[in-house]
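The values are calculated or read from the model by the stated rules, or taken from the named source; none is laboratory data. Predicted, not measured: the structure shown is a model, and the values here were computed from it. Note that we place each Cβ from the backbone using ideal geometry, even for glycine, and neighbour counts take in every protein chain shown. Side chains included, ligands, DNA and RNA excluded: accessible areas come from the protein's heavy atoms. Shrake-Rupley method; radii C 1.70, N 1.55, O 1.52, S 1.80 Å.
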Amino acid sequence: MSADLSAPSSCPPVDTNQPEQPTRTVAPAAPPTSLDRPPLMAPIGSGRLGLGKSQPDGTERRSRVVSLLRFRPYLRPHLWRFILMIIFAVAGVATSIVVPLVTRAVIDGPVAHSDRPGLYTLGVAALAIGIIEALVVFGRRWVVSKGTLGTETAVRTDLYAKLQRLPMSFHDRWQSGQLLSRMMNDLSTIRRFISFGAIFLLINIIQIAVVTGLLLNMYWPLGLVVLAAIVPITVMCLKKERELTRLSRKMQDETGDVASSVEESAHGLRVIKSFGRSEHMFKKFDARATQLFDTSYQRIKLLAKFRTFLEVVPSVTVIIVLGLGALAAGRGEVTLGTLVAFITMLLSLVWPIAALGLLLSQAQEAMTAADRIAEIFDEKNEITDGPKKLAQVRGEVKFEGAAFRFPDADTDVLHDLNLTIKPGETVAVVGATGSGKTALTALVPRLYDVTAGRITIDGVDIRDLKLEQVRTIVATAFEDPTLFSMSARENLTLGNPEATEAQVTQAIDVAQAHFVYDLPWGLNTRIGEQGMSLSGGQRQRLALARAVLAQPRVLVLDDTLSALDVHTEALVEEALKRVLVGVTGIVVAHRASTVLLADKVALLSNGTISHVGTHAQLLKTVPEYRELLSADFDTEEELAERDRLELEEAVR
């Protein structure tokens, strides 16, 4: 993936006849890109929160509340909007509280004393309060929309950049569906909570507290009834919180599993159909979808019981207050206006109390979503930028005691690699299946880092170089090429967006990718996701043309010609001989014809380079090498053909 996203190269071809230039000169640092900027999300346990809990091994364990609060730096650019939103929300609650008080004043004043002018005055005041309430509700919704959408966009952008920076070892472990679920569903959950749940959870609690205080002040016996009704609601909220959290996290994880199943089936549809395994894949998907259904249903049942309880308690409380209030009014203990205001104000508490179930559910979902997103932000990026940048690049590559093992493996895939590739020299890497050839090619552009020893370019450890420059110097064409859902031209110029038409044409000629001109709209034809509308050989040729067009100083070909027919392969190899002049090349080869592209051959055996020499030397002295190429090689014929081609090149 990193090779596909490499920056355009600006390095001209090297003239091997020129004297060597110094290679350790450090060029001025390039301006930072959006990928270089660290995410705004606060690190765990940072600032004044102090809520991170230590694990037995000394590491910090995430808390769901802390994970959500860590998003606060993303709110700062829109802070004034959120402050204004809170002001509008408080104003809306205040107007809803004032209305019952005005109603009491109307009943106990103008209505009781037949004061028509006073009735008109209070009626106009009530109308004005209603208009103000409508305006503040509109203002709150208008103000909050841009702030929450801007926050969601900023987090999503940083999350995407983080995924681009994380090493291949991370992407090897994670399902793409889980990442997609976090990128889309979880962020939307947090946005909805910030725009609605968080503010109303705060406002409703304040409204319940304020209104309860006013009810106690109006007529304390009935106020105590209301206060008593709040106790079981509080107990129920605390009791159901843990179970709701568990189900929310489980449901969100299972949503990611279902997304992974859909994505895998979409990408592997050809294989599924060709093996007649549609029913098998459907059963796997159905099992995951059913599991998600069961978890969602459990959560809905829990919420249904919870929300029913929250709605029943206020309704029963209203009935009790009506009965006791009528008795109190009949005895003259409260005025009619006070009773009406009390009932009206009590009714204003029904929605805030009933909505607690929805709001607490949103809060749990948002905290769980924040925790899932924090898992990605907290991943350590093991492949980081170095401080140096080469001003002059010649393209000498050295493996100095290099070794590599995958993160979860117990043994090295590669060990004790020692190899020097001079500027402009091409080396063919030959080895049996599973010997580590692809792993070796992935080390050069730092898709993975060596676990021992080092790899240098022009004498500088590639870990000390700017990552962008390493992937500008090195271009890779993989055996299984990745193409994107864009036009053929955009796929070609991905590594060199500024390429001229002549350069594009030359790259197409080298890769024998002339089929692009026969597509319905030529180079502007959209080739579809993963390039599945093309054959395997066409995808390989397009990926090879992309690597050539990047004009790298080091070109890595990981068995790029494996899907080509013999005739096309011969044409591509003939063109590559011209392209590789002045470019350092590393070519993974399984065929003798591909080996002949190289100046020397490195035999990879048992995870290390056991022999280095010319093709002819290894054929004569290394039995293992002869066995690897025996089925595809006619020694005398191929050597004679190589001598003929070298003679023709010398004459030209």
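Heads up, I need the accessible area for Tyr448: 1.4 angstrom probe, whole protein in place, Å², nearest 10.
Accessible surface of Tyr448 is approximately 40 Å².
Quick check: with the 1.4 Å probe, what order do Thr433, Thr153, Thr295 take by accessible area, largest first?
The ordering from most to least exposed comes out as Thr433, Thr153, Thr295.
Mind listing the Cα extents of region 555-628 along all three principal axes, in Å, largest one first?
Each principal axis gives a Cα extent; for region 555-628 these are 30, 27, 22 Å.
Just read off the accessible area of His590 with the full protein assembly in place, 1.4 Å probe, to the nearest 10 Å².
Roll a 1.4 Å probe over it and His590 shows about 80 Å².
Once ligands and nucleic acids are excluded and a 1.4 Å probe is used, how much of Leu571 is accessible, expressed in Å² to the nearest 10?
Using a 1.4 Å probe on the heavy atoms, I get roughly 70 Å².
Residue separation times 0.36 nm, minus the C-alpha to C-alpha distance between Tyr517 and Thr157: what's the value?
So the chain would gain 126.0 nm between Tyr517 and Thr157.
How are the Cα pair distances of region 374-449 distributed, in percent, across 10 Å bins from 0?
Answer for region 374-449: a P(r) of 14, 41, 31, 13, 1 percent.
Between Arg242 and Val316, what is the label-point separation in nm under the 7 Å Cα-to-beta-carbon projection?
2.5 nm
Take the Cβ-Cβ distance between Leu347 and Ile131 as r, set R0 to 25 Å, and report the resulting FRET efficiency rounded to the nearest 0.05. Please report the intermediate quantities before stating the final value.
Details: r = 21 Å, r/R0 = 0.85.
According to the calculation, E is roughly 0.75.
Assuming 0.36 nm per residue, please report the length gained on full extension of the stretch Gln392 to Gln175 beyond their Cα-Cα distance.
In short, 74.1 nm is gained.
For region 374-485, with all protein chains present and a 1.4 Å probe, just round the carbon and sulfur fraction of the accessible area to a whole percent.
45 percent
In square nanometres, what is the average projected area of the Cα convex hull of region 74-224?
Mean shadow area of the hull around the Cα atoms is 12.8 nm².
Which whole-number value in Å² is the accessible area per residue of region 145-264, probe 1.4 Å?
Per residue, region 145-264 has an accessible area of 44 Å².
Going by accessible area, probe 1.4 Å, with all protein chains left in place, what is the ranking of Asp158, Asp509, largest first?
Heavy-atom accessible area, descending, gives Asp509, Asp158.
If a paramagnetic tag sat 7 Å from the Cα of Ser533 along the Cα-Cβ line, which residues of region 502-523 would have the backbone N under 20 Å from that point?
From region 502-523, the list is 508, 513-523.
What number does region 340-421 give for Rg over Rh if you use C-alpha atoms and the Kirkwood radius?
Numbers: Rg = 29.8 Å, Rh = 19.9 Å.
Computed over Cα atoms, the ratio is 1.50.
Relative to the present Cα-Cα distance, how much length would full extension add between Ala287 and Val271 at 0.36 nm per residue of separation?
3.7 nm
Can you give me the C-alpha center-to-center distance between region 467-534 and region 189-224, rounded to a whole angstrom?
60 Å
Could you count how many Lys pairs in region 237-317 have their Cα atoms under 19 Å apart, skipping same-chain pairs fewer than 8 positions apart?
10
Show Arg541, Arg578 ordered by accessible area, largest first, where the area counts protein heavy atoms only and the probe is 1.4 Å.
Sorted by accessible area, descending: Arg578, Arg541.
So if I restrict to the alpha-carbon atoms in region 363-504, what is the Rg, and what is Dmax, the biggest pairwise distance, in Å?
18.7, 61
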